[in-house]
1. I want to confirm something. Restricting to segment 32-45 and keeping residues that are surrounded by 11 or more Cβ atoms within 10 Å (Cβ to Cβ) and at pLDDT below 95, which single residue is nearest to the chain's Cα centre (by Cα)?
2. Name the pairs: first residue in segment 141-163 and of a type outside the set (A, V, I, L, M, F, W, C), second residue at pLDDT 95 or above and in a helix (DSSP H, G or I), Cβ to Cβ under 8 Å, at least 6 apart or on different chains?
Amino acid sequence: KSDDFVYDRKELAELRGNKYKSKRSSYNQFARRGKGKYVPYAPKMRSACLKLYDGWAAQRKKTNTDDIYRTMIDESQKAHALCLRYYKELGLVGRVVMAGNEIIGYTFGFELKKNVFCVLFEVTDLDVKGLSGYIFKEFCADKAVKQFKFINVMDDFGLENIRATKMSF
């Protein structure tokens, strides 16, 4: 297993300075459109989240032929389904982004340690520019997460595309 990626939560919540210029631009690109509403997850959203996952997975598998990556996407669907169903029992914090009545993104995490919050997963509509940056920043700034000093986004699973994304922060 490769090392986990751990960031200063406040830096991610604020995205200040030149270091985060591209991340801030991505966030602003989505936020300016004003078509997204960041809200707490509710059990009635489960099927819509799973539908979003299926679309996300299909797009990811189209652009990546790595067998390990594709298998991980298939196996992760089961984990997402269980987390969406038992999020309260698992102590997970879940948020979604709505565009009208449609869920276009969701993210879940949990307290890993007293000062570390772990983002367990995040799925967004890949066709919506800036959405992934938006949901990640909002989650890091969320009142349920503000008490934590650090954000852990886990490891890169030994996959270069995931590593590149996580290194960009």
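The values are calculated or read from the model by the stated rules, or taken from the named source; none is laboratory data. Since the structure is predicted, the reported quantities are computational estimates derived from the model, not experimental observations. A quick note on method: Cβ atoms are made from the backbone with ideal geometry, for glycine too, and the neighbour counts reach across all protein chains shown.
1. Here the residue is G36.
2. Filtered contacts from segment 141-163: K146/R9; K146/A13; K149/R9; K149/K10.
Conditions (1) of a type in the set (D, E); (2) more than 28 Å from K10 (Cβ to Cβ), marked per residue:
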| site | (1), (2) |
| --- | --- |
| T71 | no, yes |
| D74 | yes, yes |
| Q77 | no, yes |
| V116 | no, no |
| A144 | no, no |
